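The values are calculated or read from the model by the stated rules, or taken from the named source; none is laboratory data. Here the structure is a predicted model, which means the values were calculated and not measured. Neighbour counts are summed over all protein chains in view; Cβ atoms, including those assigned to glycine, are modelled from backbone coordinates with ideal geometry.
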Amino acid sequence: MTPQDFTRIVRRKVLSRKNYNKIFCIGYNKTGTTTLELVLKLYGFNLPNQQDQEARLTERCLATDYTELESFVRGYDAFQDLPFAQGQTYVAADALFPNSRFILSVRDPDDWFRSLTSFHKKMFGLDDPSAMTEQDVLEKLTYLYEGYSHVLKTRHLTTFSSGEAVVDWSKLYDKDYYVELYEARNRQIRTYFASAPEKLLVIDVTQERTTEKICRFLNIPEKFVIDMPQANKT
C-alpha cells in the first residue's frame with residue numbers, strides 16, 4: 001500500500017474522531033519534527049508549507065504580535081517548526097486555540113546538538129560553526145530572506161545583565177550554552193502543562209518503533225498504528 005492510499009483510507013475516520021482543536025508540534029528543531037510532520041500528513045491532517053509559515057509568522061511572534069498567527073492557524077489542522085519550535089509561542093497558541101493538543105518532541109541533548117550543528121554545516125556550507133562571528137551570520141546564513149537568520153541568532157544569544165539585554169556572539173554554537181537553553185525550554189513546557197497533562201505528549205520519536213503513542217494521544221483508532229517513519233536524517 002502506498003502512503004497516499006493509506007491516507008485516503010484513514011483520513012475520514014481519523015478526522016471524524018478528532019475531539020480537540022489544533023495540533024502544535026513544539027519540540028525544538030532537530031528533535032524529529034519533520035518525522036512528526038510526515039506522520040500527521042499520513043493520517044490526513046492538513047499542514048501548511050513550513051517555509052511560508054516561518055516567513056509569515058516567526059518575526060511577528062518574536063515581537064509578541066499574534067494577529068497574523070491567529071488568522072493563519074485557522075486554515076490548517078496541525079503545525080511544526082518555527083515559530084512553534086522555539087520560544088513561548090505555544091502559550092499564545094494555547095490561549096488563542098483552546099482545547100488544542102501539543103507534542104513536545106525530545107531527544108538526548110548531546111545527539112540533538114550534534115544533529116543541529118551537522119545540519120547547519122551541511123545547509124550553509126560551514127567548516128566550524130563555533131568560530132563564526134556576527135558578520136559571518138549576516139553573510140553566510142542565508143535563509144528565507146535577508147537578515148532572517150541574524151534575527152533568530154540574536155534572539156538565541158540574548159541574555160540580561162543588570163536589567164540590560166546583552167547579545168553574546170561568543171556563545172554562537174557553544175554546546176553548553178545551547179544544551180542549557182534546550183533543556184530549560186523543555187522544562188518550562190512541562191511545567192506550563194503540568195495542570196493539563198491531557199494537552200501534552202512528550203515523545204522521542206527516535207526511540208519509538210510505531211506511532212502507537214501518537215495515535216493514542218490524538219484519538220486515532222489503534223488499528224491504524226503503523227511503523228514509525230524516519231524523515232530528514234542528517
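A few points about this structure:
- Every residue from region 107-125 that is surrounded by fewer than 18 Cβ atoms within 10 Å (Cβ to Cβ) and among the aliphatic types (A, V, I, L, M): 123
- Region 94-106, residues that are closer than 22 Å to residue 204 by Cβ, more than 13 Å from the chain's Cα centre (by Cα) and buried (at least 20 other Cβ atoms within 10 Å of the Cβ): 101
- Tally of residues being out of contact with any Lys or Arg (no Cβ under 7 Å at 6 or more places or on another chain) and either part of a helix (DSSP H, G or I) or under 23 Å from residue 52 (Cβ atoms) (or both) across region 128-170: 26
- Among the residues of region 75-123, those that are touching a Pro at 6+ places or on another chain (Cβ under 8 Å) and either in a helix (DSSP H, G or I) or of a type in the set (Asp, Glu) (or both) comprise 89, 117, 120, 121.
- Residue, farthest from residue 195 (Cα to Cα), within region 79-131, restricted to residues that are modelled with pLDDT under 90 and among the aromatic types (Phe, Trp, Tyr): 124
- Members of region 117-149 found to be in contact (Cβ under 8 Å) with a residue 12 or more places away in the chain, among the small types (Gly, Ala, Ser) and under 17 Å from residue 170 (Cβ atoms), listed by number: 130
- Each residue in region 1-37 was checked for being touching a residue at least 60 places away in the same chain (Cβ under 8 Å) and charged (D, E, K, R), and 6 pass.
- For region 62-69, the criterion of being surrounded by 22 or more Cβ atoms within 10 Å (Cβ to Cβ), over 21 Å from residue 31 (Cβ atoms) and not acidic (Asp, Glu) is met by at least one residue.
- Checking each residue in region 171-204 for being of a type outside the set (A, V, I, L, M), over 21 Å from residue 108 (Cβ atoms) and in contact (Cβ under 8 Å) with a residue 12 or more places away in the chain picks out 171, 192, 193, 199.
- Residue in region 186-204 that is of a type outside the set (A, V, I, L, M), surrounded by 14 or more Cβ atoms within 10 Å (Cβ to Cβ), modelled with pLDDT under 95 and on the phi < 0 side of the Ramachandran plot present: no
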